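Comments concern the structure below.
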Amino acid sequence: MVRIHNTETDQIIDREMTDAEFAQYKADEAQLVAFRKQEATTASAKAALLNRLGMTAEEAALLLQ
């Protein structure tokens, strides 16, 4: 569903998505899932590296200042 809210008239219109809008919604959703998976992988790799170095995230941040 798509909700359109005209703030000047306070009119709200709810309608079904078109096929093109739904396809874009699904593509955006898949891209977001992939992005979050990549973020989690990166965070895990950073944590593993800090663990191997015997450092905390706070100590590493001090080195980068």
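What the table shows:
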{"quantity": "Within segment 1-49, trypsin sites (Lys or Arg not before Pro) in DSSP loop having at most 10 other beta-carbon neighbours inside 10 Å", "calculated": "none"}
{"quantity": "Ellipticity estimate at 222 nm from DSSP helix runs (n ≥ 4, -39,500 (n - 2.57)) divided over the chain, nearest 500", "calculated": "-22500 deg cm²/dmol"}
{"quantity": "Charge dipole (debye, nearest 20) of segment 18-63; +1 at Cβ of Lys and Arg, -1 at Cβ of Asp and Glu", "calculated": "300 debye"}
{"quantity": "For q = 0.20, 0.32 Å⁻¹, Debye-computed log10 I/I(0) when each Cα of segment 18-63 counts as one equal scatterer", "calculated": "-0.69, -1.01"}
{"quantity": "Charge dipole (segment 18-63, unit charges on Cβ, about Cα centre) - positive-most of Thr42, Gly54, Ala20", "calculated": "Gly54"}
{"quantity": "Segment His5-Ala27, extension gain: residue separation times 0.36 nm, minus the distance between their alpha carbons", "calculated": "5.5 nm"}
{"quantity": "Using θ = phi - 60° and Karplus 6.51 cos²θ - 1.76 cosθ + 1.60, couplings along segment 19-27 (whole Hz; Gly, Pro as x)", "calculated": "4, 5, 5, 5, 4, 5, 4, 5, 5"}
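Since every read-out is calculated from the coordinates, none of them should be taken as a lab result. Given the structure is predicted, the values throughout are model-derived calculations rather than measurements. Neighbour counts run over all protein chains shown; Cβ positions are idealised from the backbone, glycine included.
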